[in-house]
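Worksheet: the structure to be examined is printed underneath.
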Amino acid sequence: MTVPADAGDPVKAKPRSAAGARSRAKTAALPRSRSAPAPAYVLHRYDWSETSLILDIFSREQGRITVAAKGAKRPYSQLRPVLLPFQRLLVAASRPSRDETADVLTLRSAEWAGGGPMLSGAALFSGFYLNELLMKLLARHDPHPVLFDAYAASMPALAAADDTLTQAALRAFEIVLLREIGLLPQLDRLTSSGTALAADSAYQLRPELGLIAHAQGDAPLAGRQLMALQQALNAGEMGQLQRLCADNLPALKTTLRGLLHYHLGSPRLRTRDVMIDAQQLMEPHR
């Protein structure tokens, strides 16, 4: 059953990131009237008032959007058990009727769309890590349906409580994310020359140079594996991409972490810091 959000328009808010600021030119494309419910996930939630929330939502049709959920914090609100992270939702949101330039949309309805169990334990950190990447790297109102489907396909692997599956799912999602936002070069040819890779040769991926021949001191990536990764990307085979990542986790983790930190402009992510702190707190009890 669809749960209607309380009526009312949100206050106009400024984008929270540079990526959001770049998306202001797209406000004309935002829905002015009530939109049909579309698949979405809650990325983050903020207190807006004693009774309402501001939500960062990843929508398959609208990309990353910010919505005001009026009355969602009230004890009797049926939205409270619905607006949870890592649960697939059907969400309808539109621009306020009195402000056609508002960056914050009004949540009109939300309903649970099915899915796996809630993430718990270490899986929560992995899920929030994906959410943090999306919030930092995606511009608002820029749809990425392929990335949305990759996010949805990552949830079962995170919930499996298997470290290898989890790490492979994280690496596969990072690859799709970088490709979708235009920060990943072709993985089956050298970036500078366009020359096809040799299956038995070793290569490395550098943020400022792209894909180059392997040099000493960097995590090597086999040409055969890189070509297979590109093939899986082209085919949209998320399961195959995860399996390929599982075959070379250490090198891919080092390479992708370097790429992400370079483009994020930060050596650490908040989610990773929290996870490290939690592990240190638990260490004396082991």
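The values are calculated or read from the model by the stated rules, or taken from the named source; none is laboratory data. Note that the structure is a prediction, hence the values are computed from the model and not measured. FYI the Cβ positions are ideal-geometry reconstructions off the backbone, even for glycines, and counts take in every protein chain you see.
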Which one of these does Leu170 not meet: (1) at pLDDT 95 or above; (2) closer than 26 Å to Lys136 by Cβ; (3) touching a Leu at 6+ places or on another chain (Cβ under 6 Å)?
(3)
Those residues that are crowded, with 19+ Cβ neighbours inside 10 Å and modelled with pLDDT under 95, I need them from the stretch 225-250; list them, please.
Asn248
Do we have any residue at all in the stretch 157-175 that's crowded, with 21+ Cβ neighbours inside 10 Å and outside any helix (DSSP H, G or I)?
no
Go through the stretch 176-186 and give me each residue that's within 15 Å of Ala235 (Cα to Cα) and outside any helix (DSSP H, G or I).
Gln186
Is it fair to say Leu269 is modelled with pLDDT of 55 or more, surrounded by 15 or more Cβ atoms within 10 Å (Cβ to Cβ) and closer than 20 Å to Gly223 by Cα?
no
Could you figure out which of (1) buried (at least 16 other Cβ atoms within 10 Å of the Cβ); (2) hydrophobic (A, V, I, L, M, F, W, C); (3) within 30 Å of Ser120 (Cβ to Cβ) isn't true of Ala222?
(3)
Could you grab me the full set of residues in the stretch 50-76 that are touching a residue at least 12 places away in the same chain (Cβ under 8 Å) and assigned to a loop (DSSP other than H, G, I, E, B)?
Glu50, Thr51, Ser52, Arg60, Glu61, Gln62, Lys70, Gly71, Ala72, Lys73, Arg74
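Test Ala68 against the criterion of being buried (at least 23 other Cβ atoms within 10 Å of the Cβ) and over 22 Å from Pro143 (Cβ atoms), and give yes or no.
no
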Check Arg189, Arg140, Arg179 and return the single one that is touching a residue at least 40 places away in the same chain (Cβ under 8 Å), touching a strand residue (DSSP E or B) at 6+ places or on another chain (Cβ under 6 Å) and not assigned by TED's automatic domain parsing to the domain that holds Leu90.
Arg140
Of those in the stretch 187-213 that are buried (at least 17 other Cβ atoms within 10 Å of the Cβ) and part of a loop (DSSP other than H, G, I, E, B), the residue nearest to the chain's Cα centre (by Cα) is Leu187
